[in-house]
Amino acid sequence: MKRVITYGTFDLLHSGHINILRRAKEQGDYLIVAISTDEFNALKGKKAYYTFEQRKMILEAIRYVDLVIPENTWEQKIEDVQKYDVDVFVMGDDWEGKFDFLKDYCEVVYLPRTVGISTTKIKKDLKEVAGKK
Ligand code: C2G
């Protein structure tokens, strides 16, 4: 059983998120997703539209996802990799190189981001539509 982990906010779920989750699952047999808590998002300078509980429930409904855990800190990754016996760590390549320290503990894979979609773009586009009404 090859175990994979990935991290993120996953707010306003979109095709870019689904693409990374599908490709992360393809790296093994079991995918763990660590979702940023609302408090950790504040540390990341992000304010998610959906609460942690809502984002957790949505991610748990995705066929590629086997387990959802909270991401509370930047420093929990090594502990998570050991605690969940992870073989592969996956992130989008906007994080290329940032988590190479995990190479001492598991395989580290950065996958190309999906071009043209982001939660920020969704929020911006919706604001423009609302402004035109
Ligand atoms: N992503 C993607 N393509 C997009 C948008 C996002 O592949 N168009 C990927 C990101 O690269 C990331 C994942 O989807 O791997 C989740 O993205 P975010 O929710 O924006 O997560 P982020 O804020 O980058 O948090 O400790 C790591 C952080 O929690 C990562």
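The values are calculated or read from the model by the stated rules, or taken from the named source; none is laboratory data. Quick caveat, the model's predicted, so the values are computed rather than measured. Glycine gets a Cβ as well: all are built from the backbone with ideal geometry, and neighbour counts include every protein chain shown. With ligands, DNA and RNA removed, areas are computed over all heavy atoms of the protein, side chains included. Shrake-Rupley method; radii C 1.70, N 1.55, O 1.52, S 1.80 Å.
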Residues of region 22-40 classified as within 8 Å of the ligand (Cβ to nearest atom) and either part of a helix (DSSP H, G or I) or open to solvent by 10 Å² or more (accessible area, probe 1.4 Å) (or both), total: 1
Residue pairs meeting the criteria (Cβ under 9 Å; at least 6 apart or on separate chains; first over 18 Å from VAL90 (Cβ atoms), in region 108-121; second more than 7 Å from the ligand (Cβ to nearest atom) and aromatic (Phe, Trp, Tyr)): THR119/TYR49
Those residues of region 16-40 which are within 20 Å of ASP80 (Cα to Cα), among the polar types (S, T, N, Q) and out of contact with any Phe, Trp or Tyr (no Cβ under 8 Å at 6 or more places or on another chain), in sequence order: GLN27
Index of the failed condition, PHE101 passing every other in (1) under 22 Å from PHE40 (Cα atoms); (2) open to solvent by less than 60 Å² (accessible area, probe 1.4 Å); (3) not in a loop (DSSP other than H, G, I, E, B): (2)
Qualifying residue in region 2-15 (condition: surrounded by fewer than 22 Cβ atoms within 10 Å (Cβ to Cβ), among the charged types (D, E, K, R) and part of a strand (DSSP E or B)): yes
For LYS46: the one exception among (1) within 13 Å of the ligand (Cβ to nearest atom); (2) part of a helix (DSSP H, G or I): (2)
Filter result for ILE62 (more than 18 Å from VAL33 (Cβ to Cβ), modelled with pLDDT of 95 or more, touching a helix residue (DSSP H, G or I) at 6+ places or on another chain (Cβ under 7 Å) and part of a loop (DSSP other than H, G, I, E, B)): no
Search result, residues across region 67-82 that are part of a helix (DSSP H, G or I) and either touching a residue at least 40 places away in the same chain (Cβ under 8 Å) or open to solvent by 80 Å² or more (accessible area, probe 1.4 Å) (or both): TRP74, GLU75, GLN76, LYS77, GLU79, ASP80, VAL81, GLN82
Search result, residues across region 41-66 that are of a type in the set (A, V, I, L, M, F, W, C), under 13 Å from the mean Cα position of the chain (by Cα) and open to solvent by 50 Å² or more (accessible area, probe 1.4 Å): ILE58
